[in-house]
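Structure, as structure tokens:
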Amino acid sequence: MIFRRFALSVAVITAIGADAVCQVTVVRTAAAEDGQLAFNNVCRTCHTLEEGDNRLGPSLHKIIGRKAGSLPNYRYSNAMKGADLVWNRATLDRFISNPDQVVPGNNMKPYSGLASAEERAKIIAFLEANGSG
């Protein structure tokens with residue numbers, strides 16, 4: 001009888017644990033999809049996450065921790081080359097919000113910024129998770 005109760009308890013805990021793992025996976029997947037969608041809607045026209053794949057804008061591969069305007073083989077504006085900042089969560093958030101305010105004279109025209117803090121956070125999380133490793 002005691003063994004049966006123990007086995008039942010283990011089975012219940014295992015089932016609950018498996019369900020919780022599945023829920024976390026679904027949440028992470030949804031968050032990743034939200035970040036990908038936000039990136040695609042706002043950034044993908046000009047940027048990629050592929051290393052060395054510079055397009056209208058530079059590759060954002062390993063952007064976190066990179067000095068602004070320092071990627072080799074990309075022709076940055078003088079303003080971006082001279083910007084004294086390193087890309088991290090805070091600088092990316094400010095820049096994505098209003099590039100002209102953070103780096104006056106940048107070449108990100110006609111992009112003028114993204115007002116939604118939620119969408120900016122999704123994009124930054126996506127950049128951290130994809131291409132910053």
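The values are calculated or read from the model by the stated rules, or taken from the named source; none is laboratory data. Bear in mind the structure is a predicted one, so any value in this text is a computation, not a measurement. Neighbour counts run over all protein chains shown; Cβ positions are idealised from the backbone, glycine included.
Asn106 - would you say it is of a type outside the set (A, V, I, L, M), more than 18 Å from Asn130 (Cα to Cα) and out of contact with any Phe, Trp or Tyr (no Cβ under 7 Å at 6 or more places or on another chain)? Considered against the rule, which asks whether it is of a type outside the set (A, V, I, L, M), more than 18 Å from Asn130 (Cα to Cα) and out of contact with any Phe, Trp or Tyr (no Cβ under 7 Å at 6 or more places or on another chain), Asn106 comes out as yes. Listed by first and then second residue, the pairs with beta-carbon distance under 9 Å, at least 6 apart or on different chains, first residue in the range 36-53 and closer than 18 Å to Tyr111 by Cα and in contact (Cβ under 8 Å) with a residue 12 or more places away in the chain, second of a type in the set (Lys, Arg) and in a loop (DSSP other than H, G, I, E, B), are Cys46/Arg55; His47/Arg55; Thr48/Arg55.
Taking the criterion of being free of Cβ contacts under 8 Å to residues at least 12 places away in the same chain and small (Gly, Ala, Ser), the only residue of the range 76-112 that qualifies is Ala90.
Would you be able to say whether some residue in the range 120-129 is part of a loop (DSSP other than H, G, I, E, B), crowded, with 17+ Cβ neighbours inside 10 Å and touching a residue at least 60 places away in the same chain (Cβ under 8 Å)? Looking for residues that are part of a loop (DSSP other than H, G, I, E, B), crowded, with 17+ Cβ neighbours inside 10 Å and touching a residue at least 60 places away in the same chain (Cβ under 8 Å), one finds none in the range 120-129, hence no. Restricting attention to the range 78-112 and to residues that are hydroxyl-bearing (Ser, Thr, Tyr) and surrounded by 15 or more Cβ atoms within 10 Å (Cβ to Cβ), the residue that is farthest from Leu127 (Cα to Cα) turns out to be Tyr111. Restricting Gly52, Gly17, Gly35 to those that are under 19 Å from Glu118 (Cα atoms) and modelled with pLDDT under 95 reduces the list to Gly35.
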